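The values are calculated or read from the model by the stated rules, or taken from the named source; none is laboratory data. The model shown is predicted, which means the values in this text are computed figures rather than measured ones. Positions of Cβ are backbone-derived with ideal geometry, glycine not excepted, and every protein chain shown enters the neighbour counts. The accessibility values were calculated without ligands, DNA or RNA, using every heavy atom of the protein model including side chains. Shrake-Rupley method; radii C 1.70, N 1.55, O 1.52, S 1.80 Å.
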Amino acid sequence: MRIGVFDSGYGGLTILNAIRKELPQYDYLYLGDNARAPYGTHSFDVIYRYTLQAVKYLIEQDCTLVILACNTASAKALRTIQQNDIPPLREGLGRTVNVLGVIRPTVEAVPGITKTGHVGILATPATVSSESYVLELEKIAPELTIVQHACPLWVPLIEAGEHNEPGAKYFIGKYLREILAKDPQIDTLVLGCTHYPLMKERIDNWLEFRHELDESEFPQPTDSPKVTTIAQGELEAKSLADYLSRHPEYREQLSTGGSCTYLTTENAERFSQSASIFLDSPIHAKHVGLSD
Ligand code: DGL
């Protein structure tokens with residue numbers, strides 16, 4: 001049995017990479033629903049339906065655990081799938097299956113990182129409107145001041161392979177400026193979408209040099225704190241390792257060939273080319289279709 005890793009597109013590769021570093025012995029099946037990305041601008045019903053189709057598909061392909069390596073799917077669909085869909089699937093298959101998300105492991109890391117107590121969440125419109133981060137953070141650290149900001153154009157930039165082009169700089173700066181204007185005391189920014197780490201270097205660069213940017217119409221207060229960005233890969237990987245150590249009923253079912261198969265709902269060649277860049281090694285993806 002394998003571990004399934006699902007995202008709307010390329011973003012989940014940032015999680016898969018970290019998981020494979022932490023747990024290289026297992027076999028993985030990655031599925032990117034690139035044909036229908038971005039999810040972050042869809043309604044609850046659509047995100048839930050697409051995510052459930054993907055989860056069922058991965059379970060049919062011998063996955064015992066499915067990681068929703070997508071904040072949007074985790075925020076909108078995880079709970080309903082865990083509560084309503086997994087129990088009948090388990091019963092029908094007569095084996096243990098489960099779905100895990102990315103939000104909780106990230107939230108747990110935040111209080112230990114911020115010094116000012118001011119935290120920003122950058123995410124897709126769907127994740128922001130779900131308020132999942134705010135609700136989860138309030139439970140464990142009610143003293144924190146949290147602001148959220150939706151970045152609807154970052155996922156399309158990455159899916160189109162435009163995020164390293166010069167024009168992307170405008171949109172990177174736009175959302176960072178906007179969230180820091182909401183709360184200049186922010187010292188911790190959660191990259192609450194698994195696509196965003198693919199631009200982390202450029203985001204960090206903008207934050208570091210923001211006082212010197214040639215953007216005099218948007219002056220950044222010079223006394224504002226240094227900002228740390230949180231990417232989710234390592235947090236999710238450690239959380240999965242911990243989960244497997246506590247759940248032998250999953251761990252013992254997993255095969256240990258160290259392989260990874262890549263599936264996409266878009267053109268397989270295009271996915272392989274882009275994913276090979278993100279992963280720093282060539283891969284050969286296969287095309288699949290998803291339906292109810
Ligand atoms: N990687 C997904 C996330 O973490 C992107 C969602 C989208 O497709 O808009 O939210």
Checklist entry - Within the stretch 101-115, can one find any residue that is over 22 Å from the mean Cα position of the chain (by Cα), modelled with pLDDT of 95 or more, within 30 Å of Ala275 (Cβ to Cβ) and among the hydroxyl-bearing types (Ser, Thr, Tyr)? => result no
Item to check | Selected residue (criterion: nearest to the chain's Cα centre (by Cα)) from residues of the stretch 135-178 that are closer than 24 Å to Pro111 by Cβ and open to solvent by 50 Å² or more (accessible area, probe 1.4 Å) | outcome: Leu135
Next on the checklist: Restricting to the stretch 179-196, count the residues that are in a helix (DSSP H, G or I), open to solvent by less than 30 Å² (accessible area, probe 1.4 Å) and touching a residue at least 60 places away in the same chain (Cβ under 8 Å).
Outcome noted: 2
Item to check | Candidates Ile19, Ile59, filtered to the one that is over 19 Å from Ala126 (Cα atoms), without any contact (Cβ under 8 Å) to a residue 60 or more places away in the chain and either surrounded by 19 or more Cβ atoms within 10 Å (Cβ to Cβ) or under 16 Å from the mean Cα position of the chain (by Cα) (or both) | outcome: Ile59
Next on the checklist: What's the total number of residues in the stretch 248-269 that are touching a residue at least 24 places away in the same chain (Cβ under 8 Å) and either part of a helix (DSSP H, G or I) or farther than 17 Å from Glu22 by Cα (or both)?
Outcome noted: 9
Checklist entry - Between residues in the stretch 22-33 that are within 16 Å of Thr194 (Cβ to Cβ) and residues that are part of a loop (DSSP other than H, G, I, E, B) and open to solvent by less than 10 Å² (accessible area, probe 1.4 Å), which pairs lie under 6 Å by C-beta distance while being six or more apart or on different chains? => result Gly32/Gly9; Asp33/Ser8
